[in-house]
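The structure appears right after this line, and notes come after that.
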Amino acid sequence: MSEHVTIDKLAEHVGQEVTVKGWLYNRTDKGRLQFLLLRDGTGLVQGVAFKKELSPEAFEAARSITQESSLIATGTVRADERAPGGYELSLSDLQIVQLAQDYPIAPKEHGIDFLMERRHLWLRSTQQWATLRVRATVIRAIRDWLDDHGFVLVDAPILTPAACEGTTTLFETDYFGDKAYLTQSGQLYNEAAIAAFGRTYCFGPTFRAEKSKTRRHLTEFWMVEPEMAYADLDECMRVEEAFVSYIVGRTLEERAEELAILERDTTPLEGIAPPFPRISYDEALMILEEAGESLPWGEDFGAPHETAIAARFDQPVFVHRYPTRCKAFYMEVDPQNPELSLSVDLLAPEGYGEIIGGGQRTADLELLERRIVEHNLPREAFEWYLDLRRYGAVPHAGFGLGVERTVAWICGLHHIRQTIPFPRTLGRIYP
Ligand code: 4AD
Ligand code: MG
């Protein structure tokens, strides 16, 4: 057998005989000529089996192989502009590793429920493959940027004794007779970590028992949460805009082919660069009023509001200083107006909604104690958190970026369920 080469490296082997190990994506039968579209996880290549160039057994394998059968193919690499990927394999041998029977996902349109029920197979389809490769790059860009900018990775626990983002979306579980909750956010732990490390981040799955079915909500999603000691709201926004711009730029650079498969018009993404526009909550309400989506002061935005606000800008837009009452208990108060919090959300352009939530945290022990009461939170579970205000409290800020919403925006996908390998939603925990 000749050298095993992955499809993404075929360009380095033009004119040579190589072996590809993978699966059959599709086949076109032209009698003595069989066109086999092969995939191996790194890409697609067309294999051409010409009857007189293969042994009778190998040609029979090429003629009878079914969609998604696993295979080992040997052939000579030829450059061909018309071929998908620009190269073609003139096959000299083909072995079927396992012959697949009646693969359920035919290369035609299926309904979303049908496909989600078969998500374990659907991952192999080109668009899903492209989306999840973009996701992997987004995650890598996230880690690289933070690691290169002085943020130390400090993991937060998944099993927690208390709520971070309000008690209505908690997943409760039994912890040896006590109640525990799946984490909604690692933020409170980050606030402990910054007193040890200065700038930190945690990155992992987070859980919200979201009872509404929307195109932007999962019950399990990945969030990266940077936190910074001695940082205020403005510093938080500066970090966010540099961070998001880097993620977009890096993905455009490394995943152009995947974005083309997804038919993403990348022009709006190419312009993403700091500084991002900053508007206050009150200014956002004025925009909403003009857009015919007006909202009473004090209420948080829903998806249509976010879309209407973002439509005014071609960069992501910061909305800062939300009313205290529509935000979490830990928000710092605006010294100019106690009704407002030093919070900030980042809304993606093109209607993809809020991708980041964050802001400055209150450093004040008494205010925090009051808020815990006002929000009906169990004080015992927060004693350790109150310690952080007793021993060396400093102004600090941070934020959480949702990976799936960011990937949906970059890929141009209407719904976030395809941006995670195995989505968990109100109606789905299978496969
Ligand atoms: O705005 P959120 O709730 O903020 C926090 O959890 C803060 N504690 C983060 C922090 O400051 N460290 O969530 C942050 C982001 C949202 O902007 C969104 O991108 C994503 O997490 N997100 C979700 N993504 C998918 N499905 C859901 N149900 C989500 N809820 C939030
Ligand atoms: Mg939020």
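The values are calculated or read from the model by the stated rules, or taken from the named source; none is laboratory data. Everything numeric in this text was worked out from a predicted model, so none of it was measured. For neighbour counting, all protein chains shown are included, and Cβ atoms are generated from backbone atoms with ideal geometry for every residue, glycine included. The accessibility values were calculated without ligands, DNA or RNA, using every heavy atom of the protein model including side chains. Shrake-Rupley method; radii C 1.70, N 1.55, O 1.52, S 1.80 Å.
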May I ask you to derive the FRET efficiency for ASP314 and HIS13 from their Cβ-Cβ distance with R0 = 60 Å, giving the value to the nearest 0.05?
-> 0.90
Return the distance in nm (one decimal) between the two label points of a simple spin-label model at ASN376 and ASP232, each offset 7 Å from Cα along Cα→Cβ.
-> 3.6
Given the C-alpha centroids of the stretch 23-44 and the stretch 105-159, what is the distance between them in whole angstrom?
-> 26
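As an exercise, use a Förster radius of 56 Å and the Cβ-Cβ distance of ASP265 and ASP364 to find the FRET efficiency, rounded to the nearest 0.05.
0.75
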In the stretch 3-98, lysine pairs with alpha-carbon atoms under 22 angstrom apart (chain gap of 8 or more, or interchain) | 4
Distance in Å, no decimals, from the C-alpha centre of the stretch 403-428 to the one of the stretch 64-88 is 31
Take the solvent-accessible surface of the protein heavy atoms, probe 1.4 Å, and return the percent of it on the chain that carbon and sulfur atoms account for.
-> 51
Residue list for the stretch 199-242, given a label point 7 angstrom along the Cα-to-Cβ vector of ALA273 and an amide N cut-off under 17 Å | 241-242
Whole-Å distance, taken between Cα centres, linking the stretch 165-217 and the stretch 245-262 | 30
Quick one: work out Rg over Rh on the C-alpha atoms of the stretch 1-50, Rh as Kirkwood radius.
-> 0.98
With only helices counted (DSSP H, runs n ≥ 4, each -39500 (n - 2.57)), the per-residue ellipticity at 222 nm for the chain, to the nearest 500, works out to -9000 deg cm²/dmol
How big is the C-alpha Rg of the chain next to the rule-of-thumb value 2.2 N^0.38 Å, as a ratio?
-> 1.17
Under 20 Å from LYS327, Cα to Cα: lysines that are on another chain or at least 8 residues apart | LYS211
Relative to the longest principal axis of the chain, what angle (0 to 90°, nearest 10) does the C-alpha long axis of helix 281-290 take?
-> 70
